[in-house]
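A quick write-up on the structure given underneath.
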Amino acid sequence: MSVLPFELFMLLLIIGLIVLLFVPTILRAATAIRRASRIANSPERSAEASVLSKRVEVSAIERGKPEQRHFATFQFPSGERVEFELTGHQFGLLAEADQGTLTWKGPRYVGFTREIMR
């Protein structure tokens with residue numbers, strides 16, 4: 001059984017570390033590019049809907065404050081429901097039971113125009 005020279009061992013170790021560090025980053029970037037492409041190629045759609053519910057998901061603490069994700073569920077007159085992630089500002093502009101026109105593009109929320117009087 002032969003022993004690998006130290007230089008070859010170090011070279012293999014460095015290559016292994018590079019693969020471990022960069023492959024996940026490249027895979028995440030490829031996934032993000034695919035998602036952005038899918039959204040860009042999706043048609044913008046609008047339909048009458050009502051705000052069914054709102055929720056906030058609180059997770060890991062980053063830089064001393066918790067990370068929050070905001071979601072709203074909309075219901076169409078047919079009874080079908082869809083949930084979108086919103087920014088905090090978009091979330092704050094909605095109230096449960098609001099009725100109006102929902103606009104979205106693929107899996108991304110674009111906006112909601114409230115109908116003032118019915």
Of the trypsin sites (Lys or Arg not before Pro) in the stretch 1-104, those whose Cβ has at most 11 other Cβ within 10 Å and which sit in DSSP loop: 63
Taking the Cα centroid of the stretch 6-48 and of the stretch 54-109, what is the distance between the two, rounded to the nearest whole Å? 27 Å
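Tell me the GluC sites (Glu not before Pro) within the stretch 73-118 that lie in a loop according to DSSP and have at most 16 other beta-carbon atoms within 10 Å.
80, 96, 115
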Measure off 7 Å from each Cα along the Cα-to-Cβ vector at residue 30 and residue 9, then give the distance between these two points in nanometres to one decimal. 3.3 nm
All-pairs alpha carbon distance profile, the chain, 10 Å steps from 0, percent: 11, 27, 24, 15, 9, 7, 5, 1, 0
Rounded, prolate or oblate for the stretch 34-90? Axes are the square roots of the Cα gyration tensor eigenvalues, ordered a ≥ b ≥ c, and the cut-off for rounded is a/c under 1.5. oblate
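Each reported figure results from applying straightforward, stated rules to the coordinates on display, with no laboratory input. Not measured: the values here are computed from a predicted model. So basically every Cβ, Gly included, is an ideal-geometry build from the backbone, and we count neighbours across all protein chains shown.
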